[in-house]
1. Under 18 Å between alpha carbons, and skipping anything fewer than 8 positions from K59 in its own chain: which lysines qualify?
2. Once you put a point 7 Å from the Cα of T67 and another 7 Å from the Cα of E109, both along the Cβ direction, what distance in nm separates them?
3. Enumerate the lysines that K185 could reach by cross-link, defined here as Cα to Cα under 22 Å, with residues fewer than 8 away along the same chain left out.
4. Multiply the residue gap between I197 and I78 by 0.36 nm, knock off their C-alpha separation, and tell me the result in nm, one decimal place.
5. So if I place +1 on the C-beta of Lys and Arg and -1 on the C-beta of Asp and Glu, and nothing else carries charge, what would the dipole magnitude of segment 38-108 be about its Cα centre? I want it in debye, nearest 20.
Amino acid sequence: MDQMPETTTQNASKQALLRFWIAPGKTVQSLIQAEKGGRLACLFAVMLGIAMATPLMYKEGDEGPVTIDYALLPTVGIAGFVGGLVGLFLFTWLYRNFSRMLKGQGTLEGVRVGLGWGLLPLAAISTILTLTYLWIAPHAFEYVDGEILTRTGYDHILGPLSILSIIGFIYSYTCLLLSLAAAVKLKILKAFFAFLITVAVSFFPITLLLQLITGRV
C-alpha cells in the first residue's frame, strides 16, 4: 500500500513523457496544475548543458584528424551540470519577469517546469547528435590549416544528418515556445517576443559562467 503513490507518480510521468511529443502545451499545463515535473525539468536542462559542453573535448590542432580528449569528460560533466541548472533557474527568473511585462501570469515554479520540459526535444536531439559526432569525428573530420573540414567520402552521411538536424531543431523550438506560452498563459507571438528578450539578456552571464568553469576565459 505504501508503494501506491510512488507507482502512480511514475506512471503519470511516463504518460506525460509520451504525451508531450504530441501536445507539449497541454502536457505542461497539466503538469503545472498537478504541481509535478520539476525534477525532470532540471534533468532535461542538465542533459542539454552536457551536450552543449561536449565540444570542449575536441582537441585543437593544425593538421591531421580530429581527436577527442576523453580525459576532459569530468570537466564537461561538471560544466554541463552547473551550466544547465544555473541556466534553467536564471532563464526561468528572467522569462517570468519579462513575460509579466506582456501580461503573463506564470509563477517561477510553473515557468521552470515549462522551460525544462520545453527543452526535452532539444536535449534529446542534442544528445543524439553529440554521441553521433563523437563516434564519427575521428573518421569524418580533419584539421587543415587549423580549420575543421569534412573528409572526402562522408558527405553522403553528413548531408542527410544536417537536414534531419535542422528539422529536429525547428520542431524542438516549436515545442519550447508552446511550453513557455502554456506556462505563462500568453499567445505564441508574445511568448516568442519574451523569449527573444530573455535570450539576449541571459546569453552573456551564462557564457561567462561556462568559460569560468572550463578555464577558457
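Coordinate-derived values only; no laboratory data. Model, not experiment: these values are computed from the prediction. Virtual Cβ from ideal backbone geometry, glycine too; neighbours counted across all protein chains shown.
1. none
2. 5.1 nm
3. Here the lysines satisfying the reach criterion relative to K185 are K26, K36, K103.
4. Gain on extension, I197 to I78, equals 40.1 nm.
5. 740 debye
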